């Protein structure tokens, strides 16, 4: 089982399911030439994809185009089914920064053929995640800022209030379809600025003022 460190605690957070939200920032949907969704678009990664700080990101040999996507990650702390947006905060254990690494060429081929995105989104090392910041430390998650840089050059930057669907509404929506349990993670979507990374590149993702992760990219 994959585990993550928790700020201010000697206990680890054991990862369960990994839910992801696609196209949750309007400008990212536009850069991907995709429609802006009217309801959250959900997909899954296996928990085995989770990678901790300073572990390498490895591009599978089937792909030639690996993209970074920085995201706010929400850690679930308790059983949640059919919760309202107003009650969603009660089920949030904490927050982290993550990277939704994507095999863009494999995803594009899957879209063309009407196939699932599982390989493009769920391969080993495709879900780097930082330590978890307990929710009690974060006054307003919608004011948080995330960034991603490659070899020191800033690629992505946004505040969470620019999401199409807020953290609370995402948690509520997912809980109507899937039972959320303690240990689950929710990747809440990426802003514009996604791009290719190559072998030897150094990625840095930040939950600004709180925590960060750094990863080297390895390619075949």
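Just so it is clear, none of the values below were taken in a lab; they were calculated from the coordinates. As the structure is a prediction and not an experimental result, all values here were calculated from the model. Because the Cβ atoms are built from the backbone with ideal geometry, glycine has one as well, and the counts that use them run over all protein chains shown.
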Legend entry - Residue-span extension gain [residue 142 to residue 82] - 0.36 nm each, minus C-alpha spacing: 19.4 nm
Inset, instruction - Would you calculate, for the chain, the mean residue ellipticity at 222 nm contributed by helices, counting each DSSP H stretch of 4 or more residues as -39,500 (n - 2.57) and dividing by all residues, to the nearest 500? - result: -4000 deg cm²/dmol
Legend entry - Most fluctuating residue given options 14, 158, 102, as computed from a GNM of the chain linking Cα atoms under 10 Å: 14
Inset, instruction - Between residue 115 and residue 65, with labels modelled 7 Å along Cα→Cβ, what's the label distance in nm to one decimal, could you check? - result: 1.6 nm
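So if the hydrodynamic radius of the chain is defined as the Kirkwood radius over C-alpha pairs, what does Stokes-Einstein give as its diffusion coefficient at 10 °C and 1.306 mPa s, in µm² per second? The partial results should precede the final answer.
Working: Rh = 17.1 Å.
D = 93 µm²/s.
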Legend entry - Separation of alpha-carbon centers, region 1-15 and region 157-220, rounded to whole Å: 18 Å
Legend entry - Under the Debye formula (equal points on every Cα, no solvent term), log10 I(q)/I(0) of region 1-66 at q = 0.24, 0.29 Å⁻¹: -1.07, -1.16
Inset, instruction - Given the options 108, 120, 49, state which has the largest fluctuation in a GNM of the chain using a 10 Å cut-off (strictly under) for Cα springs. - result: 108
Legend entry - Where a label projected 7 Å from the Cα of residue 7 along Cα→Cβ would reach, residues of region 124-166 with amide N under 12 Å: 130-141, 144-145
